[in-house]
Amino acid sequence: MATMTTIPIRVNPEDLSQVPKGKERIPEPGILVIFGASGDLTKRKLLPALYHLRQNNLLPREFAIVGVARRPLGDQFAEDMREGIIEFGGADLHDSKLDEFVSHIGYFPLHFDDPGHYADLKTELDRIDKERNIGGNRLFYLATAPEFFTDIIENLGAQEMAHSEKGQVAVVIEKPFGHDLESARELNHRVNAVFSERQVFRIDHYLGKETVQNLLVFRFANGIFEPVWNRNYISHVQITVAETLGVEGRGPFYEKAGALRDVVQNHMMELLALVALEPPSSFEAESVRREKLKVWQAIPPIPILNTVRGQYGPGIVVGQHVIGYRDEERVDPDSGTETYAALRLEIENWRWAGVPFYLRAGKRMKKRATEIGILFKQPPLLIFNRMQGSGPCSEIQPNLLTIRIQPDEGIALRFGAKVPTTPEMNVCPVNMDFDYESAFGKSSANGYERLLLDAMLGDQTLFSHRDGVETTWSLYTPVLQAWAAKKPQVFPNYFAGSWGPECADHLLEREGRVWRNDLGRKA
Ligand code: BG6
């Protein structure tokens with residue numbers, strides 16, 4: 001088969017300079033309180049994101065960040081955050097702006113289930129508020145293990161911290177939001193008993209990624225794609241979230257989660273919704289959420305035969321020997337937790353009837369790649385068969401539109417071109433490739449920047465609604481129950497560094513298709 005030629009797409013700097021810049025949205029002064037602040041997320045993602053917002057002058061003049069966790073960390077907390085911002089946010093050690101930023105960080109030790117501690121926290125927040133003239137605005141960020149979510153919410157409620165006479169109060173809740181339909185409903189119920197839905201920001205960091213947001217622009221700001229974006233032209237869709245990482249010391253969390261809960265029910269369903277939704281009437285939270293919900297509601301129950309689970313054994317990932325999942329720290333040596341999940345589903349509506357969506361997510365895969373592949377139907381190719389000397393038309397590949405979410409964000413379109421200088425009509429696949437970084441320069445955003453900013457501004461567009469969360473759980477809970485009822489006998493069933501278990505290939509092979517394993521940017 002011919003090798004693929006890539007035609008890069010460039011952005012004209014003049015065009016870019018003419019794009020009107022929107023008015024920068026800067027939140028009102030406020031206090032951000034992070035519960036579970038001694039965990040990895042705060043140091044690796046949240047604080048670096050906040051620092052970048054500060055650098056870009058997107059934080060208010062007056063703000064305070066208060067880390068809350070059980071350990072008595074004191075001033076050490078701000079120093080740990082400084083290190084995190086340098087290590088994960090690329091800040092310069094001697095940057096004077098870093099000192100200024102760190103001066104806004106404080107720490108408050110608290111036991112999540114001790115009401116007395118919340119009363120003290122309230123006093124401390126009121127003190128900071130007064131000292132910095134903040135005006136009552138508070139954003140509570142729940143980055144703890146999920147079992148503490150309700151304790152925190154209810155204690156905030158009991159201490160009358162969920163509302164403020166002067167300012168706005170909101171709560172950001174990290175995933176996982178529940179572990180099945182019943183627990184998600186219960187959590188929603190308890191959250192909404194304290195905070196109104198307008199105050200609740202259920203975060204899915206995938207929605208903060210530029211390429212994910214670009215899906216809406218790509219689909220609805222371009223005239224040529226939307227007319228072919230349906231069952232008449234698209235044969236099927238593949239969505240892959242492949243990671244080379246393992247569980248990275250999060251064994252106890254992952255043992256209870258598994259790939260379906262960790263990535264498929266949330267991140268992948270968000271990607272699927274943005275590929276499949278109808279044009280919303282505006283980019284306002286309500287319109288976008290309504291259209292996403294309609295997509296999820298149109299998915300019929302997923303037959304167990306259309307699901308595959310896997311667990312990695314030892315292997316070689318990017319040149320390094322790695323251990324199998326069962327040998328990871330604090331993982332059951334006989335664990336039945338899946339580190340890979342694949343499935344086929346359909347969306348039973350006018351646009352998508354009969355178009356399968358294949359989803360797969362796995363840890364310790366061959367390559368890190370999060371991609372959406374839209375495979376188009378082929379035209380009749382008979383004339384190529386009839387032409388003497390030409391290759392068989394079965395070798396002509398269908399058009400493929402690839403949306404790369406990471407690591408090399410971009411969009412590529414594969415089409416067939418005639419191999420030059422031969423009289424035969426031999427067709428070679430070529431690729432038109434738009435790469436975000438070469439076009440717009442490197443973005444430092446990790447998804448959290450945009451989402452933190454939106455939460456501070458009270459914009460819920462990129463956050464999940466309670467109905468959405470419950471609908472996606474209602475799809476996956478029966479699958480999880482069926483899996484739990486039958487412990488897999490064949491685990492581990494894929495080598496670390498492979499493309500997952502062989503049985504996942506059958507999901508597509510039985511329909512004459514194959515997984516795309518040529519993921520990533522073509523040179
Ligand atoms: C998190 C999961 O939500 O997403 C992790 O808990 C996973 O297990 C991560 O590694 C993937 O995020 P990203 O942005 O690296 O694709």
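Nothing in this text is a laboratory measurement; each read-out follows from the coordinates by a stated rule. Values in this document were obtained by computation on a predicted structure and should not be read as measured data. A quick note on method: Cβ atoms are made from the backbone with ideal geometry, for glycine too, and the neighbour counts reach across all protein chains shown.
Assorted remarks:
- Within straight-line cross-link reach of LYS366, aspartates and glutamates at Cα separation under 18 Å, skipping those fewer than 8 residues along the same chain: GLU243, GLU248, GLU338, ASP408, GLU502, ASP505, ASP518
- Cα lying deepest toward the dipole's positive end in segment 30-167, options PHE148, ALA69, ILE86, charges on Cβ: ILE86
- Computed on segment 339-483, with alpha-carbon pairs under 8 angstrom and 6+ residues apart, the relative contact order is 14 percent.
- 5 angstrom amide H check on TYR107, placed H, neighbours 5+ away: GLY67
- Sequence-separation-based contact order of segment 30-167, relative, with Cα cut under 8 Å and 6+ spacing, percent: 34
- With each label modelled as a point 7 angstrom along the Cα→C-beta vector, the ARG330-ARG127 pair spans 3.3 nm.
- Each residue of segment 240-247 was assigned a 3J(HN,Hα) from its phi angle through the Karplus expression (A = 6.51, B = -1.76, C = 1.60, θ = phi - 60°), giving 10, 10, 9, 10, 8, 5, x, 9 Hz with x at Gly and Pro.
- Nearest-20 debye value, the chain charge dipole, Cβ charges on Lys, Arg, Asp, Glu: 1540
- For the chain: relative contact order, % (alpha-carbon pairs under 8 angstrom, 6 or more apart): 19
- Here ARG513 and ASP95 are evaluated by their C-beta separation; at R0 = 35 Å the FRET efficiency comes out at 0.10.
- Take the convex hull of the alpha carbons in segment 30-167; its mean projected area over all directions comes to 7.8 nm².
- Packing-based ranking of 66-75, 152-161, 276-285 yields 152-161, 66-75, 276-285, ordered from highest to lowest mean Cβ neighbour count within 10 Å.
- Cα→Cβ-extended label distance, 7 Å offset, between ARG219 and ARG44, nm: 3.0
- Binned Cα-Cα distance frequencies in segment 244-353 - 5 Å width, integer %: 2, 10, 17, 17, 14, 12, 11, 9, 6, 2, 0
- Computed over the chain, Cα set: Rg, Dmax in Å: 24.6, 85
- Dipole size of segment 30-167 about its Cα centre, with +1 on Lys/Arg Cβ and -1 on Asp/Glu Cβ: approximately 360 debye, rounded to the nearest 20.
- Distance violations [Cα-Cα > 20 Å] among LYS256/LYS486; LYS43/LYS97; LYS43/LYS175; LYS175/LYS294; LYS175/LYS256; LYS122/LYS166: LYS175/LYS294
- Here the simple spin-label model places points 7 Å from the Cα toward Cβ, and for ALA439 and GLN481 these points are separated by 4.5 nm.
- The chain, helix-only ellipticity at 222 nm - DSSP H runs n ≥ 4, -39,500 (n - 2.57), divided by all residues, nearest 500: -9500 deg cm²/dmol
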